[in-house]
Amino acid sequence: MVKNTLEDEDMTLLSYNLVVAGAGFFGLTIAHQAATRLGLKVLVIERRGHIGGNAHSVIDPATGIEAHVYGSHLFHCNSEEIWRYLNGFTPFTDYRHHVLTTHQGKVYSMPINLGTINSFFGKEFSSEEAQALIASQRGEITVDAAHNLEEKAIALIGRPLYEAFIRGYTAKQWQTDPRELPADIITRLPVRFTHNTRYFDDRFEGLPSEGYYTIFKRMADHPNIHVMLNTDFFEVRPQLHAGVPIVYTGPIDRYFDYRLGALAWRTLDFEREIVPTGDFQGTSVMNYADEEIPYTRIHEFRHLHPERNYQREKTIIFREYSRFAGKEDEPYYPVNTNRDKDLFEAYRKLAQREKNVLFGGRLGTYRYFDMHQAIGAAFKLFENRLAPHFTQKQPLDNGGDF
Ligand SMILES: Cc1cc2nc3c(=O)[nH]c(=O)nc-3n(C[C@H](O)[C@H](O)[C@H](O)COP(=O)(O)OP(=O)(O)OC[C@H]3O[C@@H](n4cnc5c(N)ncnc54)[C@H](O)[C@@H]3O)c2cc1C
């Protein structure tokens with residue numbers, strides 16, 4: 001049951017066995033497991049006006065096309081357990097993701113592969129010839145000698161490919177010259193010496209046939225699950241039963257009222273446009289590698305579902321811009337400088353001392369999670385902490401592995 005506001009009847013907040021703050025993939029997986037496997041009554045409190053967190057999608061009223069409100073979400077995983085779990089809510093399509101990038105007006109395939117290399121250098125190299133070329137271009141500097149992101153990228157893929165495909169894109173993503181960014185932001189830059197243009201290598205890949213919004217609706221559709229939208233956890237917390245277990249999936253620094261300082265995030269701005277054409281860019285995600293183009297990517301959602309019979313008169317696109325997040329912005333990607341790592345560690349210690357509150361999800365653990373990782377982490381938390389608490393009366397704490 002999903003409600004828009006806190007109503008009088010909900011004030012009986014004492015009657016729940018478990019409270020979940022946040023209705024993203026992590027929070028809803030916990031709620032669904034607790035309700036279906038243990039029969040618990042679960043209250044899910046969500047700050048936004050919708051469930052699904054950042055994977056939320058809507059049917060755009062102007063075009064009838066399913067738009068991913070927080071940017072394209074491609075599902076992929078290697079876990080059969082997670083794949084089956086999600087397929088229990090809706091079947092998945094056989095969509096395979098491919099990314100293209102535009103550099104100086106020409107379109108290339110990403111991640112860099114044999115086709116990208118040949119097209120960029122105007123050659124027909126074999127795999128071995130391409131490897132030899134890149135090895136010679138990488139020779140300019142070694143990874144160990146690299147002092148900043150630019151030097152590390154050159155050590156990994158050579159200067160020409162770096163300057164074409166990485167420099168401008170990275171500068172836009174971080175609003176910082178790559179020479180000023182630490183080398184450890186990148187560990188590797190994938191280069192394939194084959195014509196494999198698939199973006200993901202996982203065993204399972206696809207998109208929900210009936211839309212992400214259907215998955216979330218069905219996850220929450222249980223008589224024991226009660227979702228309150230437009231409600232900040234901290235506003236209703238004083239009304240909750242003091243001993244009720246809580247799974248908190250909001251930002252960890254916010255939980256402790258930023259008492260040690262704020263963790264840094266990058267945020268995204270999306271500029272939405274309805275274009276009067278049946279096909280704007282011929283693909284779902286187009287990157288823009290050059291710094292002169294202010295956005296990093298354009299999403300065109302119709303291409304995520306070629307099997308749907310969308311109308312051809314207009315299409316919806318999102319231009320994506322990246323910047324550092326202020327306190328009021330949506331946190332998207334952890335910045336993870338050394339200062340952030342130390343700060344998170346300090347918050348983690350505080351969290352370990354909290355009784356009856358478990359921290360989870362990408363915000364609660366200050367970590368980038370793909371969707372399958374969020375679901376997998378929720379399964380783990382449920383099995384290792386919540387289920388033993390409810391079935392064997394184990395004390396509820398975040399434990400050393402958090
Ligand atoms: C731009 C972008 C693209 C992505 N693309 C992909 C992709 O292609 N494939 C993929 O697998 N993953 C992708 N992801 C990752 C995916 O979005 C996450 O894995 C997923 O959202 C994690 O779920 P979560 O529940 O941990 O967090 P969220 O989805 O962020 O959910 C947390 C929820 O908690 C709520 N909340 C926070 N504070 C409070 C509070 N005080 N009170 C009540 N509610 C609160 C928030 O409103 C939010 O709804 C992408 C992420 C981003 C940012």
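The values are calculated or read from the model by the stated rules, or taken from the named source; none is laboratory data. Everything quoted here is computed from the prediction, not taken from an experiment. So basically every Cβ, Gly included, is an ideal-geometry build from the backbone, and we count neighbours across all protein chains shown. Side chains are part of the model used for accessible areas, which takes the heavy atoms of the whole protein and leaves out ligands, DNA and RNA. Shrake-Rupley method; radii C 1.70, N 1.55, O 1.52, S 1.80 Å.
Remarks
- The alpha carbon centroids of the stretch 299-347 and the stretch 121-189 are separated by 24 Å.
- Short-range pairs are left out: with C-alpha atoms under 8 Å and at least six residues apart, the relative contact order of the chain is 25 percent.
- Solvent-accessible area per residue in the chain equals 45 Å², computed with a 1.4 angstrom probe and all protein chains kept.
- Qualifying trypsin sites (Lys or Arg not before Pro) in the stretch 212-269, where qualification requires a DSSP coil assignment and no more than 15 other C-beta atoms within 10 Å, comprise R259.
- FRET efficiency, S15 to N196 (Cβ-Cβ, R0 41 Å, nearest 0.05): 0.15
- In this structure the amide hydrogen of Y248, modeled in the peptide plane, comes within under 5 Å of the amide hydrogens of A21, L358, F359, G360, none closer than 5 places in sequence on its chain.
- Rounded to the nearest 20 debye, the dipole magnitude of the stretch 50-139 is 240 debye, with +1 charges on Lys and Arg beta carbons, -1 on Asp and Glu beta carbons, and the Cα centre as origin.
- The ratio of the alpha-carbon radius of gyration of the stretch 218-315 to the globular-protein estimate 2.2 N^0.38 Å is 1.70.
- DSSP-loop trypsin sites (Lys or Arg not before Pro) across the stretch 281-348, with at most 16 other Cβ within 10 angstrom: R308, R312, K327
- Given their separation in residues at 0.36 nm each and the Cα-Cα distance between them, N338 and R308 gain 6.2 nm when the chain is fully extended.
- Lys, Arg +1 and Asp, Glu -1 on Cβ, resulting dipole of the chain about Cα centre, debye, nearest 20: 680
- Evaluated over the chain, the Cα radius of gyration and Dmax, each in Å: 22.9, 71
- Taking the Cα centre of the stretch 339-389 as reference, the dipole from Cβ charges on Lys and Arg (+1) and Asp and Glu (-1) amounts to some 140 debye.
- Each of G158, P251, V58 was scored by the projection of its Cα onto the charge dipole of the chain, and the greatest displacement toward the positive side belongs to P251; charges sit on the C-beta of Lys, Arg, Asp and Glu.
- In this structure, the amide hydrogen of V227, modeled 1.01 Å from its nitrogen in the peptide plane, lies closer than 5 angstrom to those of V2, K3, V44, counting only residues at least 5 positions away or on a different chain.
- Entries in K349/K380; K217/K341; K327/K393; K341/K393; K152/K341 that, when Cα-Cα distance is taken, lie over 27 Å: K217/K341; K327/K393; K341/K393
- Three-way shape label, the stretch 292-379, alpha-carbon gyration tensor, a/c 1.5: oblate
- Overall, the accessible surface of the chain at a probe of 1.4 angstrom is composed of carbon and sulfur to the extent of 49 percent.
- Debye log10 I(q)/I(0) for the stretch 100-221, one point scatterer per Cα, at q = 0.10, 0.15, 0.16, 0.22 Å⁻¹: -0.41, -0.77, -0.83, -1.26
- For a modelled paramagnetic label at I293, 7 Å from Cα along Cα-to-Cβ, the residues of the stretch 147-170 in reach, with backbone nitrogen under 20 Å, are 160-170.
- Set of lysines near K106 by C-alpha distance (under 25 Å), chain-local residues within fewer than 8 positions excluded: K123, K172, K314
- When the helices of the chain are scored as -39500 (n - 2.57) per DSSP H run of n ≥ 4 and the total is divided over every residue, the value at 222 nm lands at -8000 deg cm²/dmol.
- Here the Karplus curve 6.51 cos²θ - 1.76 cosθ + 1.60, taken at θ = phi - 60°, turns the phi angles of the stretch 93-103 into couplings of 7, 9, 4, 10, 7, 9, 10, 10, 9, 9, 10 Hz, with x standing for Gly and Pro.
- Fluctuation leader among E328, E345, E300 - the chain, Gaussian network, Cα springs under 10 angstrom: E328
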